[in-house]
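The values are calculated or read from the model by the stated rules, or taken from the named source; none is laboratory data. For clarity, every value in this text was computed on a predicted model and none was experimentally measured. Glycine gets a Cβ as well: all are built from the backbone with ideal geometry, and neighbour counts include every protein chain shown. Side chains are part of the model used for accessible areas, which takes the heavy atoms of the whole protein and leaves out ligands, DNA and RNA. Shrake-Rupley method; radii C 1.70, N 1.55, O 1.52, S 1.80 Å.
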Amino acid sequence: QVQLVESGGGLVQTGGSLSLSCAASGRTFSNYAMGWFRQAPGKEREFVAEISWDGRSTSYVDSVKGRFTISRDNAKNTLYLQMNSLKPEDTAVYFCAQSFQAYRATIGIKGNYWGKGTLVTVSS
């Protein structure tokens with residue numbers, strides 16, 4: 001069975017940085033698009049960033065462009081999200097997701113396996 005385990009969340013001041021990781025297991029990691037989503041208190045889960053199955057393409061929500069970087073290490077079965085210049089509005093639980101279908105360039109909010117999330121809190 002697919003397991004996704006996020007780590008790296010925590011409390012950081014405005015302008016600081018955090019690096020999130022997502023360790024994947026259960027099937028061939030390199031065959032699947034991966035993504036990061038987040039859910040702030042009282043809000044719906046939203047897309048943050050995605051990376052294609054082969055790592056050749058990435059995309060971001062406009063609010064994090066230039067500040068966040070998504071990457072993957074297929075040898076380590078791990079997805080990363082480097083977050084710089086953090087803002088209070090980045091405060092949320094961050095979830096790792098893996099597409100159900102193989103060889104996709106993108107990942108939607110449906111049709112995924114999900115991790116349990118890691119909390120990121122940015123203080124002002």
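If you filter the range 20-54 down to residues that are farther than 15 Å from Thr91 by Cβ and within 10 Å of the chain's Cα centre (by Cα), you find that the one that is most open to solvent (accessible area, probe 1.4 Å) is Phe47. A count restricted to the range 5-19 and to residues that are exposed (fewer than 14 other Cβ atoms within 10 Å of the Cβ) and of a type in the set (A, V, I, L, M, F, W, C) stands at 1.
Grab the strands (runs of 3 or more DSSP E) fully contained in the range 83-124, keeping just those with 2 or more residues being buried (at least 18 other Cβ atoms within 10 Å of the Cβ) and touching a Phe, Trp or Tyr at 6+ places or on another chain (Cβ under 6 Å).
Details: elements: 92-102, 112-114, 118-123.
Strands (runs of 3 or more DSSP E) meeting the threshold: 92-102, 118-123.
If you take the residues of the range 55-67 that are assigned to a loop (DSSP other than H, G, I, E, B) and open to solvent by 80 Å² or more (accessible area, probe 1.4 Å), which of them is farthest from Thr118 (Cα to Cα)? My answer is Arg56.
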